[in-house]
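Read the structure below first, then the notes.
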Amino acid sequence: MAEYLASIFGTEKDKVNCSFYFKIGACRHGDRCSRIHNKPTFSQTVLLQNLYHNPQNSAQTADGSHLANMTEEEMQEHFDNFFEDVFVELEDKYGEIEEMNVCDNLGDHLVGNVYVKFRREEDAEKAVADLNNRWFAGHPIYSELSPVTDFREACCRQYEMGLKAKTWRSTAATEECTRSGFCNFMHLKPISRELRRELYGRKRRRRRRNNYGGVSDKGPWIFGMLYVSTKELRLFEVDKRDAATLGPLIAKNVLPGTTVFSDEWAAYRCIPGLVNANGTPLNLDWHTVNHSVNFIDPATGVNTQRIESEWQKAKRRLVRNGNKTTPALMRSHLAWLWWRSVNARPNVKDKFRRLIEAIARRYPL
C-alpha cells in the first residue's frame with residue numbers, strides 16, 4: 001500500500017495531494033483547492049510571484065492600439081532587460097543559478113511568475129528570506145520555495161512545439177496550445193540567444209577563476225551617466241572607482257542644480273560638494289537608493305533602473321561586436337554608444353544625414 005501511494009504521489013491519480021501544485025508550484029484554485037498543497041521546507045527553486053509585467057498583457061486600450069509603436073524586437077528587448085536585471089542581481093547576491101524561467105501565461109496563478117533554480121538549497125532559502133523584504137518596479141516582492149525542480153514536467157508541450165516551429169521558421173502548420181495563455185501548464189517566455197550565452201556563460205567563467213588561482217577583475221571599469229528626459233547616455237572607461245576619479249567626471253558632465261540619482265557606492269558621497277572648473281559649487285540635488293535593501297526606494301521612489309537598463313542594452317551591443325571590442329578600441333565604442341543615444345530615433349529620423357552633418361562640421365572644406 002505504501003509503495004502504491006508513493007508511486008501515485010503528485011499524479012492525477014492522487015486524490016489527496018494537488019498534482020498541479022506539485023508540478024508547477026501554483027494552482028488556479030489557490031487556497032480553495034480541495035486537495036493539499038504540500039509546500040516544501042527546502043528546495044533549490046524559488047518562486048517570485050507575478051514579478052514580470054508583460055506590456056502586451058498590461059492593456060491600456062481595448063484594441064491594443066497603445067502597442068502600435070512597439071515592434072517585436074522592442075518587446076524582446078524589454079523582456080531581455082528585465083530577465084538580465086533579475087538574473088544578475090539574484091546570482092551576484094545569493095548564489096549560482098542553474099536556470100531561471102518566466103511564465104508568459106495569463107491565468108492569475110501563473111501570470112508573470114519567475115522561477116529561479118539555484119545550485120544550492122541554502123542559497124534558495126537565503127534568497128526567500130531576504131526577497132520578501134524587498135521591492136521591484138514599485139511593487140513588493142512575494143517569494144516562496146517551490147516544489148518544481150524539473151521544468152520539463154511543468155511546461156506545455158504544445159506551446160513548446162509551437163515555439164520551436166517559429167524558431168526554425170517552419171512553413172508547415174505550427175502546433176499551438178489550444179488554451180493559449182490560460183493553459184494550466186507553464187508557457188515559458190524565451191530570452192534571446194545572445195543573452196542566454198552571456199548569462200549562462202558567467203558560471204563557466206566564474207568556475208574557471210575559482211579553479212585556477214582565483215583571478216579577480218580589477219578593472220578597467222565603465223562609468224556611466226544617463227540624462228533621463230532625453231536618454232542621452234555618456235560612458236567613460238576608468239581605472240578606479242574612487243571619488244577622486246568619478247567626482248571630476250560628474251562635475252564636468254552635469255549642470256549646476258541637477259537632480260542626481262545613484263546607489264550608495266562610497267565614492268558618490270563626494271557629489272554634494274562638487275564644484276565646477278572655476279571653483280563654483282554645483283549644488284547638485286543628490287538622492288540615493290540602497291540596493292542591498294530595495295531596487296526602488298519605497299518611500300522616495302528613487303531608483304537607478306533606467307541607467308542600468310541602458311547599460312545592459314549597450315553591453316549587449318558590445319558583446320555582439322565580438323572580437324572587434326578590444327581594449328584599444330573600447331573608448332571609440334563608448335563614443336559611438338553616446339552618439340547613438342543622442343542621434344537615434346525618435347530624436348533623429350535620418351541618422352545617416354546627421355552623421356554627414358557632424359563630419360562636415362568637424363572637417364569643413
Conditions: (1) at pLDDT 80 or above; (2) over 24 Å from residue 47 (Cα atoms); (3) surrounded by 10 or more Cβ atoms within 10 Å (Cβ to Cβ). Residue 166 meets all but one. Number of the miss?
-> (1)
May I ask you to list the residues in the stretch 205-227 that are farther than 21 Å from residue 267 by Cβ and either among the aliphatic types (A, V, I, L, M) or at pLDDT 85 or above (or both)?
-> 215
In the stretch 28-69, residue modelled with the highest pLDDT [restricted to those that are touching an Asp or Glu at 6+ places or on another chain (Cβ under 6 Å) and either farther than 20 Å from residue 115 by Cβ or not polar (S, T, N, Q) (or both)] = 47
So which pairs qualify, if the first residue must be in the stretch 151-163 and over 15 Å from residue 190 (Cβ atoms) and touching a residue at least 40 places away in the same chain (Cβ under 8 Å), the second must be of a type in the set (A, V, I, L, M, F, W, C) and not in a helix (DSSP H, G or I), the Cβ gap must be under 8 Å, and the two must be at least 6 apart or on different chains?
-> 154/148; 154/185; 154/186
Matching residues in the stretch 257-266 - criterion: being under 25 Å from the mean Cα position of the chain (by Cα) and of a type in the set (Gly, Ala, Ser) = 262, 266
Flag for residue 1 being exposed (fewer than 12 other Cβ atoms within 10 Å of the Cβ) and at pLDDT below 80 = yes
Scanning the stretch 12-27 residue by residue, those out of contact with any strand residue (DSSP E or B) (no Cβ under 7 Å at 6 or more places or on another chain), assigned to a loop (DSSP other than H, G, I, E, B) and either surrounded by 20 or more Cβ atoms within 10 Å (Cβ to Cβ) or modelled with pLDDT of 80 or more (or both) turn out to be 26, 27
Kindly indicate whether residue 202 is at pLDDT 55 or above, of a type in the set (Lys, Arg) and surrounded by 11 or more Cβ atoms within 10 Å (Cβ to Cβ).
-> yes
Quick check: is even one residue across the stretch 232-253 surrounded by 13 or more Cβ atoms within 10 Å (Cβ to Cβ), of a type in the set (Lys, Arg), more than 30 Å from residue 133 (Cα to Cα) and touching a Leu at 6+ places or on another chain (Cβ under 9 Å)?
-> yes
Mind checking which residues of the stretch 276-292 are in contact with a strand residue (DSSP E or B) (Cβ under 9 Å, 6 or more places away or on another chain) and under 13 Å from residue 254 (Cα atoms)?
-> 281, 282, 284, 285, 286
Leading residue by the ranking (nearest to residue 82 (Cα to Cα)) among those in the stretch 100-145 that are among the acidic types (Asp, Glu) and surrounded by fewer than 14 Cβ atoms within 10 Å (Cβ to Cβ) | 108
Residues located in the stretch 255-279, provided they are surrounded by 13 or more Cβ atoms within 10 Å (Cβ to Cβ), among the hydrophobic types (A, V, I, L, M, F, W, C) and within 22 Å of residue 229 (Cα to Cα) | 260, 261, 271
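The values are calculated or read from the model by the stated rules, or taken from the named source; none is laboratory data. Here the structure is a predicted model, which is why all the values come from computation and not from measurement. When we count neighbours, we look across all protein chains shown, and the Cβ atoms used for this are built from the backbone with ideal geometry, even at glycine.
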